[in-house]
Amino acid sequence: MSSIRRRFRDVWRWMCSAFAEFSIISVYALSSIAIGILLLRYTADNTWFDAVSLNAMQGELMIASIAMMGPLAYSVVAEPPIKYRRFFQFFVAVYTLMAVTAYVANKLVNDMDESFMVNSSVVALFVSLLINYFATYINHSVKRPDDKMRDSTISKAQAYAAHARGRG
């Protein structure tokens, strides 16, 4: 039973630390969207729904969802590499191509369905947020190489201490 509690505590700690990192990234990445929605809401007497819809119709939410892939794209090439690296590389590439295609199509086609752009932008943003949290969680749940180095350093120090005690 103790091992189950320890595992639950580890998973909970990973979830919380991943959520903290994810929250900081999201707040900074989406702050320009929030400011744009506030401006649309209060400068033109729009409702909250109209302000979000206008922002999405202009493609701002789609751009934000593409920008949210930045930290994930970095993490699959950074050291230490993220676990499930190939999956995330494939997902980032396909997702970015689809989002860019939707954004460019919206700008090129004059009579694009506005509800399609709003719905696809909102879905794209939620998917990018979800996959970023998932990737952050995986990164936090995998023991980092610097932790392993610290563990090996500790074991070497303990071995040296035992050796030194034997000499004295």
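Every condition in (1) of a type in the set (A, V, I, L, M, F, W, C); (2) within 24 Å of the chain's Cα centre (by Cα); (3) within 20 Å of Leu129 (Cβ to Cβ) holds for Val104 except the one numbered (3). Just a yes or no: is a residue in the range 12-20 more than 22 Å from Tyr133 (Cβ to Cβ) and of a type in the set (D, E, K, R)? No, the conditions are met nowhere in the range 12-20.
Applying the selection to the range 1-33, what residues are free of Cβ contacts under 8 Å to residues at least 12 places away in the same chain, open to solvent by 80 Å² or more (accessible area, probe 1.4 Å) and among the hydrophobic types (A, V, I, L, M, F, W, C)? Result: Met1, Ile4, Phe8, Trp12, Ile24, Val27.
Conditions tested, residue by residue: (1) at pLDDT 85 or above; (2) not basic (Lys, Arg).
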position: Phe8; (1), (2): no, yes
position: Arg13; (1), (2): no, no
position: Ser31; (1), (2): yes, yes
position: Ala34; (1), (2): yes, yes
position: Leu39; (1), (2): yes, yes
position: Thr43; (1), (2): yes, yes
position: Gln58; (1), (2): no, yes
position: Ser65; (1), (2): yes, yes
position: Met68; (1), (2): no, yes
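If you go through the range 42-74 and keep only what is open to solvent by 40 Å² or more (accessible area, probe 1.4 Å), under 15 Å from Asn132 (Cβ atoms) and in a loop (DSSP other than H, G, I, E, B), you end up with nothing.
The values are calculated or read from the model by the stated rules, or taken from the named source; none is laboratory data. For clarity, every value in this text was computed on a predicted model and none was experimentally measured. Don't worry about glycine lacking a Cβ; one is built from the backbone with ideal geometry, like all the others, and counts go over all protein chains shown. SASA here: full protein model, heavy atoms, side chains in, ligands and nucleic acids out. Shrake-Rupley method; radii C 1.70, N 1.55, O 1.52, S 1.80 Å.
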